[in-house]
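This report refers to the structure that appears directly beneath it.
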Amino acid sequence: MKVYDIIVIGMGPAGMAVSGMASNMGLKVLGIDGEKLGGECLNTGCIPSKSLLKSAYFKDSAEHLNKFGLNLKGDIEVVNPLEIVRNQLKMLTGEGLHNKFSKVDMILKKGYAKFINSNTIKVNDVEYSARTIFIATGTKPMIVPIPGLSEIDVLTNENMFNLDKIPNSLTIIGGGAIGTEMAQAFSRLGSDVTIVQMDDHLIPNGDEEAGKLLEKVFNKEGIKVFNSTTINKVEMQDAKIVTFTSKGNFISDEILVATGRKPVIDRLDLDSAGIKYDKKGIKVDEFNRTNIKSIYAVGDCNGVNLLSHSAMHQGMTSLMHMLKGNDDNSLKRSNFPVPWSVFTSPEVAQVGLSEKMAINKEIDFFIVKEEYKTYARAITDGKPEGFVKIITDKKGKIYGATIIGEAASELIQEWTMAIQNNLTMFNIMMMQHSFPTISILNKSVAEKWMMMLVKNGEMEF
Ligand SMILES: Cc1cc2nc3c(=O)[nH]c(=O)nc-3n(C[C@H](O)[C@H](O)[C@H](O)COP(=O)(O)OP(=O)(O)OC[C@H]3O[C@@H](n4cnc5c(N)ncnc54)[C@H](O)[C@@H]3O)c2cc1C
Ligand SMILES: NC(=O)c1ccc[n+]([C@@H]2O[C@H](COP(=O)([O-])OP(=O)(O)OC[C@H]3O[C@@H](n4cnc5c(N)ncnc54)[C@H](O)[C@@H]3O)[C@@H](O)[C@H]2O)c1
């Protein structure tokens with residue numbers, strides 16, 4: 001039997017982080033994936049979705065050139081954006097990517113790994129063992145139990161990028177990250193899109209005001225949004241899909257289900273290694289270690305965050321924990337705030353607490369907000385929608401930030417840095433931001449905080 005320092009099961013962002021770093025440090029690493037190198041993120045998630053959004057963005061921008069005194073004659077024809085996505089994926093998942101992992105022994109597309117015991121796994125009939133095993137098997141779409149749904153061919157992230165063409169009409173169940181990004185991409189590329197969701201605002205994990213502003217923009221673009229809606233059944237009628245709901249019945253050519261995820265753990269035979277799990281995922285401690293000390297579960301399969309950067313970060317910190325050999329507090333997962341960004345136009349991003357979370361935690365906070373429309377650069381860019389909203393207090397402690405607007409996904413990094421390093425509103429205000437970047441809005445909101453306090457005679461510095 002071949003013996004390794006580390007076996008990594010699943011070669012998505014989490015598994016690639018562990019195996020890439022460990023092999024470059026000189027450890028003997030085996031990486032296994034039943035499917036392709038890159039995992040969901042590269043093959044059916046982050047990258048194809050951003051690629052399709054980019055086509056949609058250019059079409060929308062071209063249709064609004066008149067805002068900038070330009071005139072493009074004739075209609076823009078949607079030729080083959082999905083084929084472009086697939087071509088880009090072929091390029092990104094090719095030789096260049098595989099070369100980066102040349103020091104890792106890899107078993108790809110040959111079978112799935114399952115545990116024999118806590119140090120040994122099996123792929124097909126061959127056994128491999130290691131001192132430490134990293135499970136990084138991700139998630140798959142959770143198809144909600146709506147009557148009729150399992151009887152029709154639905155779209156999920158796993159097959160939607162294989163469509164031959166942009167459908168004429170599309171119903172999307174779910175108004176979260178996938179639902180909103182794909183609604184805007186398909187709508188801008190020509191689909192008549194309806195979002196139906198049970199929550200009361202778009203991107204329900206985030207700020208309500210941001211979700212409502214995004215809905216306003218969507219409505220202007222022709223995307224219909226039905227919140228707080230119950231779906232009673234879904235049925236095929238005359239080659240069309242009919243979605244029966246508490247807010248009416250919607251007829252479409254395709255239906256996309258984006259109602260959350262479930263962990264991919266069924267093939268692993270976790271019980272053979274005595275690893276604890278529940279329906280959210282594999283149970284882990286602050287170092288992403290399972291109840292079996294020599295086995296870590298990193299990335300989406302532990303259900304803590306479902307984001308690529310978090311998956312890679314967990315891979316890196318868990319590898320460092322393994323190498324260190326003790327529970328060094330500086331490696332605890334909760335030390336590191338996790339930002340997220342949804343790549344619609346306008347983008348929506350958040351780190352730390354939302355207003356609702358701060359209220360629930362009974363924190364003594366107030367909100368400082370700056371609107372994009374107050375800033376010349378946002379106006380000249382033709383992007384006046386949005387705001388930067390900070391949950392703070394008199395001392396300037398930063399509890400959380402929500403940003404909706406142009407470049408929100410970039411602006412959020414500064415607040416992440418601030419929260420992680422206990423920086424305050426004062427520090428953000430005192431940092432010079434080059435003009436006229438959009439990030440000046442971060443400084444403006446901090447200046448607003450200072451002016452509020454000075455006006456009230458409460459400024460202490
Ligand atoms: C449409 C969409 C868009 C997204 N956009 C973003 C985004 O913009 N930003 C962001 O941060 N996140 C985004 N995500 C989430 C992101 O894709 C995931 O958080 C990320 O891929 C998780 O990485 P992972 O390594 O934990 O798992 P995965 O990427 O899911 O990889 C797991 C791998 O394990 C393999 N595997 C499973 N079981 C076994 C087994 N028994 N043996 C061998 N191999 C196995 C699978 O084949 C897979 O390749 C998006 C997701 C979707 C669906
Ligand atoms: N830009 C990004 O970072 C990005 C993009 C896409 C996906 N992701 C990740 O993928 C994960 C999954 O995304 P998602 O959009 O599938 O889930 P989500 O958790 O973001 O949203 C789920 C949506 O489904 C709806 N829903 C659930 N059950 C329903 C039912 N029975 N009837 C009607 N509506 C129902 C909810 O109301 C909600 O709108 C996210 O948690 C996110 O971390 C991230």
| request: Quick one: dipole size for the stretch 310-461, taken about the Cα centre, charges +1 on Lys/Arg Cβ and -1 on Asp/Glu Cβ, in debye to the nearest 20. | output: 120
| request: With an 8 Å cut-off on Cα pairs and a minimum separation of 6 or more residues, tell me the relative contact order of the chain in percent. | output: 14
| Over what distance in Å are the Cα centres of the stretch 237-299 and the stretch 212-233 separated? | 25
| Once amide H atoms are built 1.01 Å from N in the peptide plane, which residues 5 or more positions from residue 400, or in another chain, come under 5 Å H to H? | 353, 391
| said: Looking at the chain, identify the longest residue range that excludes and avoids all GluC sites (Glu not before Pro) in DSSP loops having at most 16 other Cβ atoms within 10 Å. | reply: 159-285
| message | At 0.36 nm per residue, and after removing the present C-alpha to C-alpha distance, how many nm does the segment from residue 63 to residue 374 gain when stretched out fully? | response | 109.4 nm
| query | Stokes-Einstein D for the stretch 298-397 at 10 °C, 1.306 mPa s, Kirkwood Rh over Cα pairs, in µm²/s? | reply | 96
| Computed label-point distance, nm, for sites residue 99 and residue 220 using a 7 Å Cα→Cβ extension | 4.5
| Mean separation of Cα contacts under 8 Å (6+ apart) over length of the stretch 148-217, as relative contact order % | 28
| task | Quick one: which residues, 5 or more positions from residue 120 or on another chain, have an amide H under 5 Å from its amide H? H modelled 1.01 Å from N in the peptide plane, none for Pro or chain starts. | result | none
| query | What is the distance, in nm, between label points placed 7 Å from the Cα along the Cα-to-Cβ direction at residue 431 and at residue 78? | reply | 3.9
| said: Per residue of the stretch 343-354, what does 6.51 cos²θ - 1.76 cosθ + 1.60 with θ = phi - 60° give for ³J(HN,Hα)? Whole Hz please, x for Gly and Pro, Karplus curve as stated. | reply: 9, 7, 10, x, 6, 10, 9, 8, 9, x, 7, 8
| task | Beyond 30 Å between alpha-carbons counts as too far, so tell me which of 283/369; 2/36; 110/233; 100/280 fall in that bin. | result | 283/369; 110/233; 100/280
| task | Mind running the shape call on the chain? Use the C-alpha gyration tensor, a ≥ b ≥ c as the square roots of the eigenvalues: rounded below 1.5 for a/c, prolate if a/b tops b/c, oblate otherwise. | result | oblate
| request: For the stretch 61-78, just list the computed ³J(HN,Hα) in residue order, Karplus coefficients 6.51, -1.76 and 1.60, θ = phi - 60°, integers in Hz, with x standing in for Gly and Pro. | output: 4, 4, 6, 10, 4, 4, 4, 10, x, 10, 9, 9, 7, x, 7, 8, 8, 7
| query | HN-Hα J couplings of the stretch 240-255 from phi, Karplus 6.51/-1.76/1.60, θ = phi - 60°, integer Hz, Gly and Pro as x? | reply | 10, 9, 10, 9, 8, 9, 5, 10, x, 10, 10, 10, 8, 6, 9, 10
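Throughout, read-outs are computed from the coordinates displayed, never taken from laboratory work. All of these numbers come straight from a predicted model, not from anything done at the bench. No Cβ is skipped: glycine too gets one built from the backbone with ideal geometry, and neighbour counts run over all protein chains shown.
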